[in-house]
Amino acid sequence: MVDVANLTLSGIARADEDQEAFFARVATSPSAPELIPSLVNQITTLGKSVILQDYNDRTALVEAAQSLIYALQTPRESMNRHCWSHATTYACVEIGFDLGLFAILSKDEKPKSTTELAKAVGADPAFLGRILKHLSTMGVILQTGPDEYRRTGTTISLSWKLCIDSYACATNCLTAGVVALPAYLKKAGYVNPSNGKDCAFQRGYQTDLHIFEYLKENPVVASQFNNHMAFYRQGRPSWMDVGFYDVPSLIANVGQDDVLLVDLGGGLGHDISEFRRKWPDAPGRLVLQDTPELTAQSKKKQLHPSIEPMVHDFFTEQPIKGARAYYFHTVIHDWSDDNARKMLKAIADAMKPGFSKVLINDQVVTATDAYWETTSMDLLMMADFATTERTEAEWHRLVKSAGLKIKKIWNVHKGIESLIECELA
Ligand SMILES: C[S@@+](CC[C@H](N)C(=O)[O-])C[C@H]1O[C@@H](n2cnc3c(N)ncnc32)[C@H](O)[C@@H]1O
């Protein structure tokens, strides 16, 4: 039994123990015992009324459950979670992809034996058994008996191309940068990196290229990156949904020949297609801009006929003048303030006063109680792009420096999705 009353959070050893004994006691006791009772109560209360389809409801319960794990686990167990379980799960998932394991497990609800699975994927049962056992301890698959497993929702998703490519993208253009971050920062002197051609990414991937140049040279990874973006956004609140941003005001007074929305760096058109689907009667043209490579790909897709793909470098003069809205989704955060200012100024020059808006769909980092996906993304940006997720004050400063002003920041759930609505200053 842990003697909670005797835990010294102030870091002072008890009179009867030396420093080593103190560290050993702390390392084997719950990390934040004082939080446990209220978190258990919170989970009980939330659990009674949770509507699993409601994003806010479900994530509130997930966050409380995660906080309980962090408080309840000992530092020794946390070390194992950080250093062992995440890395080994990641490896087992990639092995599972290579073997086609998840597609086989996902075929139906029926539990499958290790021998049956090993035969189906062409692997040694003794080897596969170890992989399956770890995947089940980490909730990726479900153990139903000795050497017998069945699928979960996670298993099914791991047989979907968008999800498979998300892991591949992380391996091929994100994670090595993150792993290289401590060494990079040690050398760089612990300041925020600001040069996307000289950051942890180059160290991690042994290249001189900026991540976007790297993707251009590696089309397979570029395609994985695009699928990663598509998977990441699944189920997240969208500004196009009723109750988030005021879309009816945006589309009011837009003529059929006006350009309603220009999606800059819009990738393969996930967003602009979603907009068309959700607002089928919205008037005006929809323009999708990206690099020549992405535009060639999106032209091959079955985009809605009202969507016009167009090659455009967002650092250069914007050819579409006086559109109702110029839209950037997870684009500005890819760039340093200097580059982002250049992009925003190019738009400011094309805007029609009193009519045009800039809509920036990025994250706004909150002062307290930030969301873990936002802080993880912030550090990915630091490692691989030498950029940052911005706070509200940083967004105001950046937008103002480009001759624009923020009219309103539309936020949901701790700023994990924000729409920053800007006008000419
Ligand atoms: C992080 S992705 C965001 C894609 C999309 N907006 C989304 O949220 O799914 C950044 C996009 O910017 C595009 N991009 C990079 N440099 C560009 C440039 N100079 N001009 C136009 N697009 C560019 C990339 O090709 C990529 O599609």
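A compact table of results
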| read-out | value |
| --- | --- |
| Residue pairs meeting the criteria (Cβ under 7 Å; at least 6 apart or on separate chains; first closer than 14 Å to A230 by Cβ, in the stretch 262-287; second open to solvent by 10 Å² or more (accessible area, probe 1.4 Å) and more than 15 Å from the ligand (Cβ to nearest atom)) | S273/H304 |
| Condition check for S223: assigned to a loop (DSSP other than H, G, I, E, B), surrounded by fewer than 21 Cβ atoms within 10 Å (Cβ to Cβ) and not aromatic (F, W, Y) | no |
| Residue within the stretch 113-123 that is within 20 Å of the chain's Cα centre (by Cα) and hydroxyl-bearing (S, T, Y) present | no |
| Residue list for the stretch 410-421, filter: under 13 Å from K357 (Cα atoms) and of a type in the set (V, I, T) | I420 |
| In the stretch 14-32, residue nearest to the chain's Cα centre (by Cα) [restricted to those that are among the small types (G, A, S) and not in a loop (DSSP other than H, G, I, E, B)] | A27 |
| Filter result (open to solvent by 50 Å² or more (accessible area, probe 1.4 Å), among the aliphatic types (A, V, I, L, M) and under 20 Å from the mean Cα position of the chain (by Cα)) within the stretch 40-84 | V62 |
| Pair list, Cβ under 6 Å, 6 or more apart: the stretch 155-181 residue more than 14 Å from A87 (Cα to Cα), other residue open to solvent by less than 20 Å² (accessible area, probe 1.4 Å) and not in a helix (DSSP H, G or I) | T155/S106; T155/I141; I156/S106; S159/S106 |
| Count of the stretch 136-154 residues which are closer than 23 Å to R81 by Cβ and either in contact (Cβ under 8 Å) with a residue 24 or more places away in the chain or open to solvent by 60 Å² or more (accessible area, probe 1.4 Å) (or both) | 8 |
| Residue check, K357 touching an Asp or Glu at 6+ places or on another chain (Cβ under 8 Å), open to solvent by 10 Å² or more (accessible area, probe 1.4 Å) and basic (K, R) | yes |
| Pick from the stretch 176-196, criterion farther than 13 Å from M381 by Cα and not in a helix (DSSP H, G or I), ranking: least open to solvent (accessible area, probe 1.4 Å) | G189 |
| Residues of the stretch 246-295 classified as within 16 Å of the ligand (Cβ to nearest atom) and assigned to a loop (DSSP other than H, G, I, E, B), total | 6 |
| The stretch 296-314: number of residues that are within 12 Å of the ligand (Cβ to nearest atom) and among the small types (G, A, S) | 2 |
| Test result for D384, surrounded by 14 or more Cβ atoms within 10 Å (Cβ to Cβ), within 13 Å of the ligand (Cβ to nearest atom) and modelled with pLDDT of 95 or more | yes |
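Matching residues to (1) within 13 Å of the ligand (Cβ to nearest atom); (2) crowded, with 19+ Cβ neighbours inside 10 Å:
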site: E317; (1), (2): yes, no
site: G322; (1), (2): no, no
site: H329; (1), (2): yes, yes
site: D337; (1), (2): no, no
site: L344; (1), (2): no, yes
site: P353; (1), (2): no, no
site: N361; (1), (2): yes, yes
site: V364; (1), (2): no, yes
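Residue by residue, here is whether (1) open to solvent by 20 Å² or more (accessible area, probe 1.4 Å); (2) among the hydrophobic types (A, V, I, L, M, F, W, C); (3) over 20 Å from D334 (Cα atoms) holds:
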position	(1), (2), (3)
G204	yes, no, no
Y245	no, no, yes
D257	yes, no, yes
D263	no, no, no
L288	no, yes, no
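The values are calculated or read from the model by the stated rules, or taken from the named source; none is laboratory data. Quick caveat: nothing in here was measured; it's all calculated off a predicted structure. All Cβ positions, even for glycine, are placed from backbone atoms using ideal geometry, and neighbour counts span all protein chains on display. With ligands, DNA and RNA removed, areas are computed over all heavy atoms of the protein, side chains included. Shrake-Rupley method; radii C 1.70, N 1.55, O 1.52, S 1.80 Å.
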